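Worksheet for the structure shown next.
Readers should treat all values here as calculations from the given coordinates under stated rules, not as data from a laboratory. Since the structure is predicted, the reported quantities are computational estimates derived from the model, not experimental observations. Positions of Cβ are generated from backbone atoms using ideal geometry, with glycine treated the same way; all protein chains shown enter the neighbour counts.
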Amino acid sequence: MVIMSLSAYYQQLGATLAPDGIPLHFGDLKAEYYAALQQCILLDRSHEGRITLSGADRFDLLNRMSTNNMLNMQPGEGRATIFTNPNARILDRVMVYHRSDDELLMLTSPGRGQAMAQYFKRNIFYNDKVILRDLAAETHLFALHGVQADTVMQRLVKSASGIESFYGRDTHIDEIPVFIGKVKPLVESAWVILVATEFAEAILSCIMQAGAQLAGSLTYNTLRIRAGMPARELSTDYIPLELGLWDEVSFNKGCYTGQEIIARMESRNRLAKTLVRLDLSQYVEAPTEVFHQGKRAGMITSSVLSPDDEIFAIGVIKTEFAKQDTQLNTSDGVPLRVSGLLGVQPLAD
């Protein structure tokens, strides 16, 4: 939940807020969209969970609970990993940073922080030396996305130019302590900025003065679909491999929940469906089923009409229909075309 003073500040700037207090937009979606494509936007991402794990067994706990290898992380390194249920269906995808000698910082998907904290607590056993803290009430999370995101961050933190992709560090902005980290970009480059709630408005002002334009979640969603990145797809409807998240799964580590099913699918190289980019002849709201010559082929899972009237869409399609240029249609007869696979895919034989 966004602190009330910041919500009021957003409204003074013309924001329309979602029920959780996160800005949806600031009155000019086209300006926000082009700011990301040509400059840099500043987003409030405080609906993403923030959890820390400390204690001697923190790496082991993550490793036995999620898909990626979490045992060899270097100081400052960030690594995405996925939590799955016993059927290998996605519970959440998180970004984990080796923040300090005794602490890991975990950023969850929007709205899943509390659920993930509870999930962890159920899986921390009596002998595990792990302490969990939910930082949602005491911190705020901002993000920078855009072609000038690195430039803006370097104005705020001169040493930011030395931070590698998917790494982060504790530092200061205008003498205020913050954590900054590189994340997967929607447009060219992206950063997250974690700050104590009491300094959130001050940091917001600093970032804006450095050249970032405020934008809302609607612009984030447009850019996400444009980039072909899953979000609403990160659910128990799918397993990680189906969403092109092969690089966030280790096939050389020990057991974790859902591991047997994922390993079997990888060894047999037989995915039932996969994430693709779709070209639509007209806008179709997601989710919508699609067909190939009358046979169900899959689902449009995310779609958006951009401020300049360009249609972006992604979907999960049966592998037999996921080839480039395969022609599909909706039940209403709207034609569409598979224009390519998304995410990281396995090497072809």
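In the stretch 25-49, which residues are part of a helix (DSSP H, G or I) and of a type in the set (A, V, I, L, M)?
29, 31, 35, 36, 37
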What are the residues in the stretch 253-310 that are farther than 30 Å from residue 81 by Cα, free of Cβ contacts under 8 Å to residues at least 40 places away in the same chain and hydrophobic (A, V, I, L, M, F, W, C), if any?
305
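Quick one: how many residues across the stretch 107-119 are in a strand (DSSP E or B) and either in contact with a Cys (Cβ under 7 Å, 6 or more places away or on another chain) or more than 23 Å from residue 56 (Cα to Cα) (or both)?
Taking the stretch 107-119 first, the residues in a strand (DSSP E or B) are 107-110.
Going one step further and asking which of them are either in contact with a Cys (Cβ under 7 Å, 6 or more places away or on another chain) or more than 23 Å from residue 56 (Cα to Cα) (or both), we end up with 109-110.
So the answer is 2.
Residue-by-condition table, conditions (1) free of Cβ contacts under 8 Å to residues at least 24 places away in the same chain; (2) outside any loop (DSSP other than H, G, I, E, B); (3) hydrophobic (A, V, I, L, M, F, W, C):
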residue	(1), (2), (3)
7	yes, yes, no
10	no, yes, no
14	yes, no, no
51	no, yes, yes
74	no, no, no
79	no, yes, no
91	no, yes, yes
96	no, yes, yes
105	no, yes, yes
Of the residues 158, 121, which is without any contact (Cβ under 8 Å) to a residue 40 or more places away in the chain, under 15 Å from residue 49 (Cβ atoms) and among the basic types (Lys, Arg)?
121
Filtering the stretch 18-35 for residues that are farther than 24 Å from residue 226 by Cβ and surrounded by 17 or more Cβ atoms within 10 Å (Cβ to Cβ) leaves a count of 1
Among (1) surrounded by fewer than 17 Cβ atoms within 10 Å (Cβ to Cβ); (2) of a type in the set (D, E, K, R); (3) in contact with a Leu (Cβ under 9 Å, 6 or more places away or on another chain); (4) under 29 Å from residue 79 (Cα atoms), residue 268 falls short only on (3)
